[in-house]
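The values are calculated or read from the model by the stated rules, or taken from the named source; none is laboratory data. Note that the structure is a prediction, hence the values are computed from the model and not measured. Please note: Cβ atoms are built from the backbone with ideal geometry, for glycine as well, and neighbour counts cover all protein chains shown. With ligands, DNA and RNA removed, areas are computed over all heavy atoms of the protein, side chains included. Shrake-Rupley method; radii C 1.70, N 1.55, O 1.52, S 1.80 Å.
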Amino acid sequence: AQKVTQAQTEISVVEKEDVTLDCVYETRDTTYYLFWYKQPPSGELVFLIRRNSFDEQNEISGRYSWNFQKSTSSFNFTITASQVVDSAVYFCALSGQGGSEKLVFGKGTKLTVNP
Amino acid sequence: AAGVIQSPRHLIKEKRETATLKCYPIPRHDTVYWYQQGPGQDPQFLISFYEKMQSDKGSIPDRFSAQQFSDYHSELNMSSLELGDSALYFCASSTRRLAGGQYNEQFFGPGTRLTVL
């Protein structure tokens, strides 16, 4: 069975602080994909990144960066110099190799960035 | 670029009524997924279709049914609605990954917010 754990339920920071959202996953698949989605208060799911299990390179996109470590089954997400517009619920998700590519989501981390 | 279209965006129903949610995938996408997100919860996979055939099934109640039509749009039919069915229902679409091929992105629609009174 596949499982995604986001241990941080809520995080509150002050603008310009850096913040890291943790994600730990479980899967028996040898090939799998990891994702981060952002859900602002308006409700839509905004795709942020996809990572393949065979590509452990870290990635940076502007203020966002992701750290993928297979050895610890973690796929953490860091926002540098946070802004109020970053306030949202962030979901980590996993998709396996076989069958349909359904997504298994973590419970989400609610990030509040205060001015 | 065209996105996934869901209709209606908001729906209010009474208990024991029926509801039909519609999803129009991105052109040339042949796979549709339905997810249910309860208040304060994560999205939960309900069901998926590929080329009009059910490809996977998750925690979908027996009171719900879904299908994909020849134009690839999909409908989620919900009967005997209960208060607990109040949720945000997302549809996502993608192209089917070929065996051994790269994962194909799921693109999510804006969701339909169903409120059962």
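For this structure, a couple of remarks:
- Residues whose placed amide H lies under 5 Å from that of residue B:31, excluding near-sequence neighbours: B:94, B:96
- The accessible-area loss of segment B:35-84 on complex formation, taken against its chain alone with a 1.4 Å probe, reaches 40 Å² or more at B:42, B:43, B:56.
- Where B meets A: accessible area buried, both sides, 1.4 Å probe, Å²: 1900 Å²
- Inter-centroid distance (Cα atoms) of segment A:73-115 relative to segment B:1-54, Å: 21 Å
- Residues in segment A:59-73 carry Karplus couplings, in order, of 9, 10, 9, x, 7, 9, 8, 10, 10, 10, 10, 5, 4, 10, 6 Hz; the curve used is 6.51 cos²θ - 1.76 cosθ + 1.60 with θ = phi - 60°, and Gly or Pro positions show x.
- A cut-off under 12 angstrom between Cβ atoms defines the neighbours of residue B:80, and their net charge, with Lys, Arg +1 and Asp, Glu -1, is -1.
- Accessible area expressed per residue, chain A, with surrounding protein chains retained (probe 1.4 Å, Å²): 48 Å²
- For the set B:13, A:3, A:38, A:16, solvent exposure ranked by accessible area (probe 1.4 Å, protein chains only) runs largest to smallest as A:16, A:3, B:13, A:38.
- Over 18 Å (Cα to Cα) - which of A:110/B:13; A:38/B:52; A:3/A:107; A:107/B:57; A:110/B:57 fall in this group: A:110/B:13; A:38/B:52; A:107/B:57; A:110/B:57
- With kT/(6 pi eta Rh) evaluated at 25 °C and eta = 0.890 mPa s, and Rh the Kirkwood radius from Cα pairs, the protein assembly as shown diffuses with a coefficient of 133 µm²/s according to Stokes-Einstein.
- About the centre of its Cα atoms, segment B:38-88 shows a dipole size close to 60 debye [charges on the beta carbon of Lys, Arg (+1) and Asp, Glu (-1) only; nearest 20 debye].
- Summed over all non-identical Cα pairs, the Kirkwood treatment of segment A:26-85 gives a radius of 12.9 Å.
- Between the amide H of residue A:108 and those of A:6, A:92, distances stay under 5 Å, these residues lying 5 or more places away or on another chain, with hydrogens modeled in the peptide plane.
- Enclosed volume per residue, in Å³, of the convex hull spanned by Cα atoms of segment B:10-75: 109 Å³
- Distant-in-sequence amide contacts of residue A:21, defined by a placed amide H-H separation under 5 Å and a gap of 5 or more residues or a different chain, comprise A:77, A:78, A:79.
- Averaging the sequence gap over all C-alpha pairs within less than 8 Å and six or more residues apart, then dividing by the number of residues, gives chain A a relative contact order of 38 percent.
- Applying 1/(1 + (r/R0)^6) with r as the Cβ-Cβ distance of residue A:28 and residue B:105 and R0 = 22 angstrom yields a FRET efficiency of 0.40.
- The local environment of residue B:70, defined by Cβ-Cβ distances under 12 Å, has a net charge of -2 under the rule Lys, Arg +1 and Asp, Glu -1.
- Springs between Cα atoms under 10 Å define the GNM used for chain B, and in it the highest mean-square fluctuation of B:49, B:90, B:69 occurs at B:69.
- Distribution of pairwise C-alpha distances over chain B, 5 Å bins, in %: 2, 13, 23, 25, 19, 11, 5, 2, 1, 0
- Converting phi to 3J(HN,Hα) with the Karplus coefficients 6.51, -1.76 and 1.60 and the offset θ = phi - 60°, segment B:62-77 yields 5, 6, 9, 9, 8, 7, 10, 9, 5, 8, 6, 6, 10, 10, 10, 9 Hz in sequence order, with x at every glycine or proline.
- Couplings 3J(HN,Hα) of segment B:16-33, computed from phi: 6, 7, 10, 9, 10, 10, 10, 9, 10, x, 5, x, 6, 7, 10, 10, 10, 10 Hz, in residue order, whole Hz [Karplus 6.51 cos²θ - 1.76 cosθ + 1.60, θ = phi - 60°; x for Gly and Pro].
- Portion, in percent, of the accessible area of the protein assembly as shown that falls on carbon or sulfur, probe 1.4 Å: 49 percent
- Note that chain A, at 4 °C in a medium of 1.567 mPa s, gets a Stokes-Einstein diffusion coefficient of 90 µm²/s from its Kirkwood radius over C-alpha pairs.
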